[in-house]
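The structure that follows is given in the form of structure tokens.
The values are calculated or read from the model by the stated rules, or taken from the named source; none is laboratory data. What you see is a predicted model, and the numbers here were worked out from it, not measured in a lab. A quick note on method: Cβ atoms are made from the backbone with ideal geometry, for glycine too, and the neighbour counts reach across all protein chains shown. Areas reflect the complete protein model, heavy atoms only, side chains present, ligands, DNA and RNA absent. Shrake-Rupley method; radii C 1.70, N 1.55, O 1.52, S 1.80 Å.
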Amino acid sequence: MTRPYSEDIRERALARADAGETVRSIAEALQISPSCVTKWKNLRRDTGGLAPGQIGGHKKRVLSDANADWL
């Protein structure tokens, strides 16, 4: 699996977006996909930050307690 982009490139992309540049021109200049820029804009709007989410990790069990005992 690939690593997330650094926060530096995320900040540079959003600084360009704040300056009024289009998503496609930002993506072309930074050599990233336009969907990345859009997702980062949405992430900043929703959470106020640009930190990437966790990749991988533990998946909780679907069945637990009485349902697991019954099966």
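Name the residue from Ala13, Ser35, Gly48 whose Cα lies farthest towards the positive end of the charge dipole of region 3-52, charges +1 on Cβ of Lys and Arg and -1 on Cβ of Asp and Glu.
Comparing the listed Cα positions along the dipole, Ser35 ranks first.
For the chain, what class follows from the C-alpha gyration tensor (a ≥ b ≥ c being the square roots of its eigenvalues): rounded when a/c is under 1.5, otherwise prolate if a/b is larger than b/c, else oblate?
Prolate.
Can you pull out the chymotrypsin sites (Phe, Trp or Tyr not before Pro) in the chain whose DSSP state is coil and whose Cβ has at most 16 other Cβ atoms within 10 Å?
Of the chymotrypsin sites (Phe, Trp or Tyr not before Pro), the ones in loops of the chain whose Cβ has at most 16 other Cβ atoms within 10 Å are Tyr5.
Same structure, new question: Could you size up the charge dipole of the chain around its Cα centre, putting +1 on the beta carbon of Lys and Arg and -1 on that of Asp and Glu, and report it in debye to the nearest 20?
Approximately 100 debye in magnitude.
Could you sort Leu63, Leu43, Leu14, Leu50 by accessible area so the largest value comes first, with the probe set to 1.4 Å?
I get Leu63, Leu43, Leu50, Leu14, largest accessible area first.
On to the next question. Per-residue HN-Hα couplings for region 6-12, Karplus 6.51 cos²θ - 1.76 cosθ + 1.60 at θ = phi - 60°, whole Hz, x for Gly and Pro?
5, 5, 4, 5, 5, 5, 5
If you filter region 12-65 for trypsin sites (Lys or Arg not before Pro), then keep DSSP loop positions with at most 12 other Cβ within 10 Å, what is left?
Sparse-neighbourhood loop trypsin sites (Lys or Arg not before Pro): Lys59, Lys60, Arg61.
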